[in-house]
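A.B. asks: Mind having a look at this structure? Questions to follow.
The values are calculated or read from the model by the stated rules, or taken from the named source; none is laboratory data. Keep in mind that what you see is a predicted model, and the values were worked out from it rather than measured. Note: ideal-geometry Cβ built from the backbone for every residue, glycine included; neighbour counts use all protein chains shown. Note: areas computed on protein heavy atoms with side chains; ligands, DNA, RNA excluded. Shrake-Rupley method; radii C 1.70, N 1.55, O 1.52, S 1.80 Å.
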There are 2 protein chains.
Amino acid sequence: MRALPERCTGIFRGLALGALLAFGVHAQAQVDPLPSWNDGAAKKAILEFVQATTAEGSPKFVPAAERIATFDQDGTLWVSHPMYSQVMYCLERVPALVKAKPELAKVEPFKTVMQFLSGDRAAIAKLHEKDLIKIAAATLTGMPVETFQADVKKWLAEARDPRWKRPYTELTYVPMQEVLRYLRASGYKTFIVTGGGQDFVRVYSEATYGIPPEQVVGTAGGTKYGYGKDGKPFLTKEPKLLLNDNNAGKPEGIHLMIGRRPYAAFGNSTGDRQMLEYTKAGDGARLSMLVLHDDGKREYAYGPAQGLPDTKVGAFPQALYDEARKQGWVVISMKDDWKRIFAFDP
Amino acid sequence: MRALPERCTGIFRGLALGALLAFGVHAQAQVDPLPSWNDGAAKKAILEFVQATTAEGSPKFVPAAERIATFDQDGTLWVSHPMYSQVMYCLERVPALVKAKPELAKVEPFKTVMQFLSGDRAAIAKLHEKDLIKIAAATLTGMPVETFQADVKKWLAEARDPRWKRPYTELTYVPMQEVLRYLRASGYKTFIVTGGGQDFVRVYSEATYGIPPEQVVGTAGGTKYGYGKDGKPFLTKEPKLLLNDNNAGKPEGIHLMIGRRPYAAFGNSTGDRQMLEYTKAGDGARLSMLVLHDDGKREYAYGPAQGLPDTKVGAFPQALYDEARKQGWVVISMKDDWKRIFAFDP
């Protein structure tokens, strides 16, 4: 369900409550905007932040036009284990590459990827970062932007997560979807700020999160404007990195694409540290939150903070945990703070 | 006056007209949304485009979420003669630079700029493009983003256009402001796509055009995340070009910052050609328009299209005029199509 379009709430505030009720729009004051959250410090922090920044007369009131909230995606809004969805997309595009250029079947890293996809799950351990960069360049660049968008759309419709056997777009966290809707209903403009590919996430952000493409900031490459044989202009995705939207690249990307400092930011790993720090360093009420994956039963358990198992995918080290405590960032425990994780949970 | 927030119109369409009238919100069908436009092909093209893309049941109907319109700024939304406002900003920042580093007074191109500002208007002709790049780098980079924003704000409050002796932000075209408001009231999200500096235009875009910073795409440099002596993080403007938002850079910038093809685009010079071409190449109803400065009395007259005087600032050559005719782009004659140009016109 899509929430109210952003920045419309001001109009509603301008109408008398009695008149609104006459339309059958009921006052929401008594309705819990975060029903999938257990009572606790995390839920309280969100409710208090919204109250402080949106209640007329509040000393920390923020004008509607300045209400910006940013969300990391992988591990913050949806599942990122055992592997980032976009990495799975890149790996699963390799057979089509090999079909188009059969000689690639004998060339690394494509040979290893083909072994992995044929069922040799251990083969994946052979791939190093430089291999992944090579695979990313081969599967994410060199085609018209529309071709890429159509390929991602098709893959999303067919691909299934290995554990829940569901489309990746169903693996979003209900409590975070509630935060997105609650912030928008409170006049906040919500942005995704992801280390993932900007063009990749934009394909499904509107349907999945109610966030339009122009409010997705991500790792971005250049495009090149050119003309087809029919004389029609089109853009080709180029292997030229413009923004590495991780670590310091997150506040830099926020400045490039949004142009103002967020009032609220949500992340789950080291790559989000600078975004949370930059957000919290602003004046007035600012909210910085981190999702800790401490629920091995309902989702996954990894840190290595708080003695949780270590991981190479979206690590939350103890140093980040300590930093959060020191800086007043709020850590969300999936296990304790979330009543429900997925929409398909019983 | 700010127009209705974008994308709110869908809500209003959802309410019965009778109910709206009960609130004193009157139907606008009979009200001319473009009162500063004379009847003619240009006005007709805008009205027909909006009708075709927003009327329920129209074969060219565009869903509200996809309604994107892009506007060049200099020469399209406000005056760009005799010189771009941002170039004036850069030149007028030179005395402060020289005050901070007195040795610059003897170094070119700063020496020439100081002569120009002292009244030697002819000195400016000595400056070449490489000089302007040097001046731009010295005045637009090297400082924290907040310092730059404060400097631009201060300059805008004090600087006066040489002809009308008014703040630059008053030199916007009323007919184009009407188009911005009309499109927004019709569910379009309006963006500026300017060859000017993104950070510069973002300082005043909301107050001047009702366009928030995150909807300004412009020539953009990188920033660098770092920490002050107090440990607080901040972003420094770097002399590293990420996007040259002119010519092919306009559609490339639109893809980077917006992620979808516009349905309507407005420009006035060669630098806008690819944006208009890219817009018009999309499916369905698309509107590409060019402002022709053919009104030397009320504003300026330059082309060199249609025998108008040539210029180095925002030229509209005959080839662009011919291209417009061939591609079905609509040329707006300031002289014939606009009843009124400025808000301060009698």
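A.B. asks: Using a 10 Å cut-off around each Cβ of peptide B:254-265, what is the average number of partner chain Cβ atoms that fall inside? Don't skip to the answer; put the middle values down first.
C.D. replies: On the way: counts 3, 11, 11, 7, 6, 14, 6, 3, 0, 0, 0, 0.
Going residue by residue through B:254-265 and averaging, the value is 5.
A.B. asks: Going by accessible area, probe 1.4 Å, with all protein chains left in place, what is the ranking of A:VAL145, A:VAL107, largest first? If you can, show how the numbers build up before the last one.
C.D. replies: Working: A:VAL145 5, A:VAL107 65 Å².
Ranking A:VAL145, A:VAL107 by accessible area, largest first, yields A:VAL107, A:VAL145.
A.B. asks: Now a separate question. Quick one: label points 7 angstrom along Cα→Cβ at A:GLY231, distances to the other copies in nm, smallest first?
C.D. replies: Nearest to farthest, the other copies are at 6.5 nm.
A.B. asks: Quick one: net charge around A:MET143, please, counting Lys, Arg +1 and Asp, Glu -1 for every other residue with C-beta under 12 Å from its C-beta.
C.D. replies: Working: positive: A:ARG93, A:LYS224, A:LYS237; negative: A:GLU146, A:ASP151, A:ASP199, A:GLU238.
Local charge sum for A:MET143: -1.
A.B. asks: Heavy atoms only, probe 1.4 angstrom, no DNA, RNA or ligands counted: give me B:ARG160, A:ARG260 ranked by accessible area, highest first.
C.D. replies: Reading off the accessible areas and sorting them downward yields B:ARG160, A:ARG260.
A.B. asks: I need the helices of chain A that pass two filters: whole DSSP H segments spanning 18 Å or more by Cα along the axis, and mean Kyte-Doolittle score no lower than -0.5.
C.D. replies: Within chain A the helices that satisfy the rule are A:41-54, A:85-100, A:145-158.
A.B. asks: Given a 1.4 Å probe and the protein chains all in place, what does the accessible area of A:MET143 round to, in Å² to the nearest 10?
C.D. replies: That residue has around 30 Å² of solvent-accessible surface.
A.B. asks: In a Gaussian network model over chain A where Cα atoms closer than 10 Å are linked, find which of A:ASN246, A:ASN268, A:ASN38 has the largest mean-square fluctuation.
C.D. replies: Top of the fluctuation ranking is A:ASN38.
A.B. asks: Could you state the accessible area per residue of chain B in Å², with a 1.4 Å probe and every protein chain left in place?
C.D. replies: Values: 15030 Å² over 346 residues.
I get 43 Å² per residue for chain B.
A.B. asks: Continuing with this model, one more query. Considering only the label points, 7 Å along Cα→Cβ from Cα, what distances in nm to one decimal separate A:ASP295 from the same position in each other copy, shortest first?
C.D. replies: Ordered by distance, the counterparts are at 6.1 nm.
A.B. asks: Give the accessible area for B:VAL31 in Å² (nearest 10); use a 1.4 Å probe, count only protein heavy atoms, and leave out ligands, DNA and RNA.
C.D. replies: 90
A.B. asks: Could you sort out which of A:LYS189/A:LYS237; B:LYS101/B:LYS154; A:LYS60/B:LYS232; A:LYS250/A:LYS326; A:LYS312/A:LYS335 sit more than 23 Å apart by Cα distance in this structure?
C.D. replies: Those over the limit are A:LYS189/A:LYS237.
A.B. asks: Additional query: Where the only charges are on Cβ atoms (+1 Lys, Arg; -1 Asp, Glu), what is the dipole of the range A:198-317 about its Cα centre, to the nearest 20 debye?
C.D. replies: Working: 15 positive and 14 negative charges, 59 e Å.
Dipole magnitude for the range A:198-317 comes out near 280 debye.
A.B. asks: Something else now. Any chance you could get the radius of gyration and Dmax over the Cα atoms of the protein assembly as shown, in Å?
C.D. replies: That works out to 26.5, 79 Å for Rg and Dmax.
A.B. asks: Note down the nm distance, to one decimal, between modelled labels 7 Å out along Cα→Cβ at B:LYS101 and at B:LYS312.
C.D. replies: Result for the modelled spin labels: 2.5 nm.
A.B. asks: Give me, ordered by chain and number, the residues 5 or more places off B:GLY296 or on other chains with an amide H under 5 Å from its own placed amide H.
C.D. replies: Those lying under 5 Å, H to H, from B:GLY296 are B:ALA301.
A.B. asks: Right, another one. Divide by every residue of the protein assembly as shown the summed helix terms, -39500 (n - 2.57) for each DSSP H run of at least 4, and state the resulting mean residue ellipticity at 222 nm, rounded to the nearest 500 deg cm²/dmol.
C.D. replies: Mean residue ellipticity, 222 nm, calculated: -10500 deg cm²/dmol.
A.B. asks: Give me a comma-separated list of calculated 3J(HN,Hα) values for the range A:67-83, in order, Karplus coefficients 6.51, -1.76, 1.60 applied at θ = phi - 60°, integers in Hz, x for any Gly or Pro.
C.D. replies: Going residue by residue, I get 7, 10, 10, 10, 10, 4, 9, 5, x, 10, 9, 8, 5, 10, 10, x, 8 Hz, with x marking Gly and Pro.
A.B. asks: May I pose another question? Compare B:ASP131, B:ASP72, B:ASP272 in a GNM of chain B, Cα atoms joined below 10 Å, and give the one with the largest fluctuation.
C.D. replies: Fluctuation is largest for B:ASP131.
A.B. asks: Tell me the carbon and sulfur percent of the accessible area for the range B:74-213, rounded to whole percent, probe radius 1.4 Å.
C.D. replies: The value for the range B:74-213 is 59 percent carbon and sulfur by accessible area.
A.B. asks: Output the direction-averaged projected area (hull surface divided by four) of the convex hull of the alpha-carbon atoms of chain A, in nm².
C.D. replies: Averaged projected hull area, Cα only: 20.4 nm².
A.B. asks: Full extension from A:ALA55 to A:ARG325: what is 0.36 nm times the residue separation minus their Cα-Cα distance, to one decimal in nm? Spell out each step's value before the answer.
C.D. replies: On the way: separation 270, 0.36 × 270 = 97.20 nm, distance 2.73 nm.
The A:ALA55-A:ARG325 span can extend by a further 94.5 nm.
A.B. asks: Hey, what did the range B:142-298 get for relative contact order, percent, Cα under 8 Å, at least 6 apart? Don't jump to the answer; show the numbers that get you there.
C.D. replies: Numbers: 220 pairs, mean separation 25.8, N = 157.
Reported as a whole number, the value is 16 percent.
A.B. asks: Just report the Cα centroid separation between the range B:199-254 and the range A:190-248, whole Å.
C.D. replies: 17
A.B. asks: Buried by at least 40 Å² relative to the chain on its own: which residues of the range B:216-248 qualify, computing accessible area with a 1.4 Å probe on protein heavy atoms?
C.D. replies: B:THR223, B:TYR225, B:TYR227, B:PRO233, B:LEU235, B:LEU242
A.B. asks: Tell me, what ³J(HN,Hα) does each residue in the range A:196-201 have, in order and in whole Hz, if you take phi through Karplus 6.51 cos²θ - 1.76 cosθ + 1.60 with θ = phi - 60° and put x for Gly and Pro?
C.D. replies: Running phi through 6.51 cos²θ - 1.76 cosθ + 1.60 with θ = phi - 60° gives x, x, 4, 5, 5, 5 Hz.
A.B. asks: I want the local charge near B:PHE342. Using Cβ-Cβ distances under 14 Å, sum +1 for each Lys or Arg and -1 for each Asp or Glu among the other residues.
C.D. replies: That sum, taken over residues with Cβ under 14 Å, equals +1.
A.B. asks: Using a basic spin-label model with each label point 7 Å from the Cα along Cα→Cβ, how many nm lie between B:ALA122 and A:LYS44?
C.D. replies: 7.6
A.B. asks: Binning at 5 angstrom from zero up to the longest distance, how are the C-alpha pair distances of the range B:133-261 distributed in percent?
C.D. replies: Whole-percent P(r) values from 0 Å outward: 2, 9, 15, 20, 21, 16, 10, 5, 2, 0.
A.B. asks: Would you kindly find the accessible area of B:GLU206, with a 1.4 Å probe and non-protein molecules such as ligands, DNA and RNA excluded, rounding to the nearest 10 Å²?
C.D. replies: B:GLU206 has an accessible surface of roughly 40 Å² with all protein chains in place.
A.B. asks: On to the next question. Note down the net charge around A:ARG160, summing +1 for each Lys or Arg and -1 for each Asp or Glu among other residues with Cβ under 12 Å from its Cβ.
C.D. replies: -1
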